[in-house]
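Taken together, the values in this text are just the output of simple stated rules run on the coordinates, not laboratory data. All values reported here derive from a predicted model rather than from experimental measurement. With ideal geometry, Cβ positions are generated from the backbone for all residues, glycine too; neighbour counts draw on all protein chains shown.
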Amino acid sequence: MFPPRQDVLRLMPEIILSLSGILLMLIEPFLSGARRTLIVTLAALGSGLALVSTIYPATLPGTAFSGLLRIDGFSVFVHVVVEAVAFLVIIGSADYLDREKIQHGEYYALVLFATVGMCVMAGAAELMTAFVGLETSSISTYILAGYRRDVPRSNESAMKYFLLGSFATAFFLYGIALLYGATGTTQLARMTFPTTPGRERLLDLGLGLMLVGLAFKIAAAPFQLWTPDVYEGAPTPVTALMASGPKAAAFALLLRILATVGAAGTFWFWALWVSAALTMFVGNLAAIAQSNVKRMLAYSSISHAGYILVALAAAAASDQVELGVAAVLYYLAVYALMKLGAFIFVSQLGGESERHMEIDDFRGLAVRQPVAAACFALFLLSLLGLPVTSGFLGKFYIFNAALASRLIWLAVLLAINTVIAAFYYLRVIVVMYMRQPNQTWPPAPMPWAVTFVLSIAAAGTFYLGLFPGRVMALATQAALSLPGR
Amino acid sequence: MNQTHILSWILFTPLIGAIVLLFVPRQLDNAQRVIGNVFGFLGLAVSLPLIWRFQIGTPGYQFRENYDWIPSIGAHYSLGIDGISFLLVMLTTILGAISILSSWSAIQNRKKEYYILFLLLQTGMLGVFMALDFFLFYLFWEVMLVPMYFLIGVWGSDRRLYAAIKFFLYTLAGSVLMLLAILALYYRAHEVAGAGAAYTFDIPTSLGAVPQFSTTLQRILFWGFFFAFAIKVPMFPFHTWLPDAHTEAPTAGSVILAGVLLKMGTYGFIRFSLPLLPTDAVARQHIINILMVLSVVGIIYGALVCLMQKDMKKLIAYSSVSHLGFCTLGIFALNPHGVSGSVIQQINHGISTGALFLIVGVLYERRHTRMISEYGGLSTPMPNFAAIYLIATLSSLGLPLLNGFIGEFTILSGVFQVSLRWTAWAVVGIVLGAAYLLWLYQRVMFGPVTNPMNEHLPDLNMREYATLVPLMLLAFWIGIYPKPLFRVLDVPVRQIVEQVNPGYYNSATAQRWGEKPPVAAANDAARTESDSTKALAASAPPAIIAASSEPIAVNTAEKR
Amino acid sequence: MVPIGHYIFLSVALLAIGIVGIVTRRNVIIILMSIELILNAVNINLVAFSRLVGSVEGQIFAIFIITDAAAEAAVGLGIIIAFFRNRETVLADEMDILKW
């Protein structure tokens, strides 16, 4: 009954993550006194170990558990991204939780479980597995969004996230059911074009519904409405997680379906095209109007989903799938780092009960906390996509993929959006650097954990911006490891 | 080819300075500006060997450095300079050192950040002039945006935020379009090179493939690059960011902005836009006509607006629009006189307008106002200042024996070969230029001291002499003995003109103007392949392109 | 045997009822129930298709979905209770602290 050894090894990261989550929840009641340090250390250790153990799936590619999972370069790449995100979020949350007096073990356990879900999504070769992964990550994040239980904003955020999230899941499932009806299987690789007449319609409908469901998850227009509210209301470290992790996993799932199921590329192409264009504009235009930094960053992540969709459309359009896929993967890594850095910074600066989230609260920050402000400015410039930062290369690869697939107009729209985005990113920088400091509240000193997370994110932003060769090579390998159409 | 690292040293010395400054504690106020200045001058010092090591008369790029950077897309760390970029690099290092020195007492708050950003800016600008790889070029082109934005926004005057954001957005809009154009060029060049060739961002290789493109694509590419450069120069309808940015920037920022940043636009025109001109005669003439008209409008409009300014700095800013109009006019005359005159004029503009901005800075530091009406009769309390100001004014308006005359005259002689009408309009611009500059001088310096606050203004101090006198010397040198500059420019300009205007050297006009037919054939054999921009224009490029780098092409070609 | 069309019709009807419920009702608990309806529509589809294509995957999937629905309901109700404690309401249009 026990699965083969190598299958277990391939699943090592997920196993470690789950076990550390369970362990955390088990030992928490027995701890007192210095429990905080122990819990955080355990959680960080768990996610760190999972990150390290990704070496197993990396060295043992293949399918596992009778074809339920497919461990390839692609899934390993996404694994590393989401595990790194989890690791950094865990370290970055500790001080926030202290400040909000919600320091509990299950917070970390939920982060770990959510990560398990994302990892499973990345490796799913079959829709049932994908669904289980999706739900594991979603349900954990629903709870995390409402983790500040006594704060109405947080409740509201969780509520909205939950309702729209499960609505989206329902759509996703209905799509799967139709797909199953059309092809008679839930294995992605076996979903060939149906020969029985009448079933193509079913297949298209199923793919359409699935796309809607996943579009909700990645906050693609016109299904992005929940994003700003949920991101704004959730505890900020959770927002950091939501913006980088689940999004990466959902994109990974989309990509895998796109690359594996032949019909998806052609059927999805225009939907992706339109959605990409819409998402970029909706996100950027709305972000300009925001006065709350957290909300502005939420809109900015919508627009970034749009950028990634451009690469996805590029992958769907051409026979050179790998160029688009590699661009998506690279951007996901880049985006996860910079967005995470930005949100963690905001979570620290927000102070007790997230009081200081207005742009005005950032006035003159450069004078008072020069290093932190420089870090934040770096993330913002990277989100804007200026060279030397990783955001530029990410965008560059997207441009590259789009033009290689002859999506010239989409590339032009992306270019226009870059300029629109400059308005709001620059506004924050202006306030930080060019206005007199706000004297009413003293900024709290940076705890070392937050400093650590910010420096990792900043270093990554520079590294990926200056020496993309290595990571891009990995992304390209990952893209090539997908089963071709 | 033996690789020297002199360009890398020049490029990264300022960056090293910025990094060193990063670790200087904030409390050591004086140390920050000392270190800033040391690296400012070090930046100049390391560039000096170029002067004797640069080989005049050698075609192609010199001091080349070439390393793989991002092999998967064919981006290289590739540097090299020819005569044109050599002059601009020297201009950058000289003006850089001078402007850093000029900030000594002008910048009082947040010195550390100021010097760091200034040094970063320096690296960015130098990179633009040195890069021989589109990717690297674009990187520097965009990078330099950020420090300039901060320099204007943090250390500028009252309306600095507006000016900074406007500057940023205008430039960004242009450069994003350019990025698309670069990519289009990249793909098309690869297609032209044929299957099996590697993708490359190498500038000479990519541009060499252009003549084989369709006219439509050539047109699209030309306009794609055009906006980025036209905004930077700035050409007439895109100039509105410039007066704001110049006026609000701190003195040193204005000097660099006018002296070097604008030259990035004209440099782009020469280096990229000219080779990108459509090969089809009709399409080309169409584009040239538009650009000539825009240049002339810029010259006249800029000059007219100058006449109405109340703010000294704004006046000088608008005079840049007018002067840069001459530069673009010369470039698109497409003959050796026009192009080399344009480059000389770019240098001149850097020197004289830089000096004028420094002069306004001197006054501003004393009185904290730039309004012309606040001054008057300054020649009485500040005689030495008056003399230097006069030289700068005269050099800017183009008096013989000073640098401005050489540039403008050469440009006009180049334009004259093409069209009398445009020359006539441009001359009107010169007349107007004399008018507004002299009128400004008269209002500020002559007459009785009208404002009692001006009665006891101190004359220039040593540091101010140190910033202004070198520029004056350069102005005289170029005005009296410009021959070395022309010699440096001769070969590269000849190469460019041969490439974009192949009929020129055989035409009757050329004979009349004493131009000898090209010695191209003899030189071609001696030239190394990647150095040549123009050999590609004539013959098939695959061999040359194939000589570059590899991987991604393999990946895509071996698609399952 | 009941033809497949009937099952699909039922499932589509449930889906429609679910969507209409989600869109029109204000009470969060009814919205939650509507979502459950859609999930059951999915289950009917899966089981019917499982019979049609002669594979057991669909039925296994249905069991997974039932389990998931339970988990989702538990979390959902928990969130609703937390919300109710602070705001004393379960109406969707009173969720207005964050701009909707």
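Are there any trypsin sites (Lys or Arg not before Pro) in the range A:351-426 that are in a DSSP loop and have at most 14 other Cβ atoms within 10 Å? List them by number.
In loop regions of the range A:351-426 (DSSP not H, G, I, E or B), the sparsely surrounded trypsin sites (Lys or Arg not before Pro) are A:ARG355, A:ARG406.
Find how much the distance from B:VAL34 to B:ALA106 grows on full extension, using 0.36 nm per residue of separation minus their present alpha carbon separation; answer in nm with one decimal.
On the way: separation 72, 0.36 × 72 = 25.92 nm, distance 1.41 nm.
Extra length from B:VAL34 to B:ALA106 when fully extended: 24.5 nm.
Would you order A:GLU322, A:GLU100 from fewest to most other beta-carbon atoms within 10 Å of each residue's own beta-carbon?
A:GLU100, A:GLU322
Averaging sequence separations of C-alpha pairs under 8 Å and six or more residues apart, then dividing by the length of the range A:5-481, give the relative contact order as a whole percent. All intermediate terms of the calculation are to be shown ahead of the outcome.
Working: 854 pairs, mean separation 73.1, N = 477.
Relative contact order here is 15 percent.
Run the numbers on the range A:335-390 and let me know its relative contact order in percent, using alpha-carbon pairs under 8 Å that are six or more apart. Numbers along the way, then the final one.
Values: 28 pairs, mean separation 23.3, N = 56.
Contact order relative to length: 42 percent.
Please compute the Cα-Cα pair-distance distribution of the range A:331-450 with 5 Å bins starting at 0, giving whole percents from short to long.
Pair shares across the bins are 2, 11, 18, 21, 16, 12, 8, 6, 4, 1, 0.
Around A:SER166, what is the net charge, scoring Lys/Arg as +1 and Asp/Glu as -1 over all other residues with Cβ under 12 Å from its Cβ?
-2
Given a Förster distance of 25 angstrom, what is the FRET efficiency for A:ARG201 paired with C:ILE66, based on the Cβ-Cβ distance and rounded to 0.05?
The pair A:ARG201/C:ILE66 has a calculated efficiency of 0.35.
Take the alpha carbon gyration tensor of the range A:231-280, find the square roots of its eigenvalues, order them as a ≥ b ≥ c, and report rounded if a/c is under 1.5; if not, report prolate when a/b exceeds b/c, else oblate.
Working: a/c = 5.13, a/b = 1.89, b/c = 2.71.
It comes out oblate by the Cα gyration axes.
What residues qualify as long-range amide H neighbours of B:GLN62, i.e. H under 5 Å apart, gap of 5 or more or another chain, H built at 1.01 Å from N?
B:ILE81, B:ASP82
Find, among the chymotrypsin sites (Phe, Trp or Tyr not before Pro) in the range B:18-102, those assigned to loop by DSSP (not H, G, I, E, B) with at most 12 other beta-carbon atoms within 10 angstrom.
B:PHE23
Please give the residues of the range B:287-303, grouped as numeric ranges, whose backbone N is less than 17 Å from a label point set 7 Å along the Cα-to-Cβ vector of B:THR240.
B:298, B:301-302
How do B:LYS483, A:LYS247, B:LYS314 rank when sorted from fewest to most other Cβ atoms within 10 Å of their own Cβ?
Numbers: B:LYS483 8, A:LYS247 26, B:LYS314 22.
Fewest to most other Cβ atoms nearby, the residues stand as B:LYS483, B:LYS314, A:LYS247.
Grab the beta carbon distance between B:TRP9 and C:ALA16, set R0 = 56 Å, and tell me the FRET efficiency rounded to 0.05.
0.20
Within a 10 angstrom radius of the beta carbon, how do A:THR185, A:THR115 rank from fewest other beta carbons to most?
Going from least to most buried by this count: A:THR185, A:THR115.
Please give me the summed charge of the neighbours of C:ARG85: other residues whose Cβ is under 10 Å from its Cβ, Lys and Arg +1, Asp and Glu -1. Provide the component values of the computation, followed by the final result.
Working: positive: A:ARG149, C:ARG87; negative: A:ASP150, C:GLU88.
Spelling it out: positives minus negatives among the neighbours equals 0.
Between B:ARG53 and B:MET371, take the C-beta separation as r, use R0 = 41 Å, and let me know the FRET efficiency to the nearest 0.05. Write out the running numbers ahead of the final one.
Numbers: r = 47 Å, r/R0 = 1.15.
It comes out at approximately 0.30.
Full extension from A:THR41 to A:PHE467: what is 0.36 nm times the residue separation minus their Cα-Cα distance, to one decimal in nm?
Residue separation times 0.36 nm, minus the Cα-Cα distance, leaves 150.2 nm.
Taking beta carbons within 10 Å but only from partner chains, what does the mean come to for residues B:168-180?
Per-residue shielding by partner chains comes out at 5.
When a/c reaches 1.5 or more, the comparison of a/b and b/c decides; with that in mind, is the range C:4-88 rounded, prolate or oblate per its Cα gyration tensor?
Note, shape of the range C:4-88 comes out oblate.
Take the Cα of A:ARG190, step 7 Å along the line toward its Cβ, and report every residue of the range A:240-265 whose backbone nitrogen sits under 14 Å from that point.
Within reach of a label on A:ARG190, which here means backbone N under 14 Å from a point 7 Å along Cα→Cβ, the range A:240-265 contributes nothing.
Please work out how much length the chain gains when fully extended from A:LEU60 to A:LEU285, using 0.36 nm per residue of separation minus the C-alpha to C-alpha distance, in nm with one decimal.
Between A:LEU60 and A:LEU285, full extension yields an extra 76.5 nm.
Check each of the trypsin sites (Lys or Arg not before Pro) in the range C:25-100 and keep only those in coil by DSSP with at most 16 other C-beta atoms within 10 angstrom; list them in order.
Numbers: sites: C:ARG25, C:ARG26, C:ARG51, C:ARG85, C:ARG87, C:LYS99; in loops: C:ARG25, C:ARG26, C:LYS99.
Sites meeting the loop and neighbour criteria: C:ARG25, C:ARG26, C:LYS99.
Using unit Cβ charges (K, R positive; D, E negative) and no other charged atoms, how large, in debye to the nearest 20, is the dipole of chain A about its Cα centre? Display every interim value, and only then the final one.
Working: 29 positive and 24 negative charges, 85 e Å.
The calculated dipole for chain A is roughly 400 debye.
Using Cα pairs closer than 8 Å and at least 6 residues apart in sequence, work out the relative contact order for chain B, in percent.
Relative contact order of chain B: 17 percent.
Could you state, as a whole-number percent, how many of the C-alpha pairs of the range A:5-481 are farther apart than 29 Å?
44
Listed here are the pairs B:LYS166/B:LYS483; B:LYS112/B:LYS310; A:LYS247/B:LYS232; A:LYS101/A:LYS160; A:LYS247/B:LYS166; B:LYS111/B:LYS483; which of them are more than 30 Å apart at the Cα? Could you put the intermediate results ahead of the total?
Values: B:LYS166/B:LYS483 40 Å; B:LYS112/B:LYS310 34 Å; A:LYS247/B:LYS232 38 Å; A:LYS101/A:LYS160 24 Å; A:LYS247/B:LYS166 34 Å; B:LYS111/B:LYS483 41 Å.
Table pairs above 30 Å Cα-Cα are B:LYS166/B:LYS483; B:LYS112/B:LYS310; A:LYS247/B:LYS232; A:LYS247/B:LYS166; B:LYS111/B:LYS483.
From the Cα trace of the protein assembly as shown, what convex hull volume per residue do you get, rounded to a whole Å³? Walk me through the intermediate numbers first.
Values: hull volume 200.7 nm³, N = 1145.
Roughly 175 Å³ of hull volume per residue.
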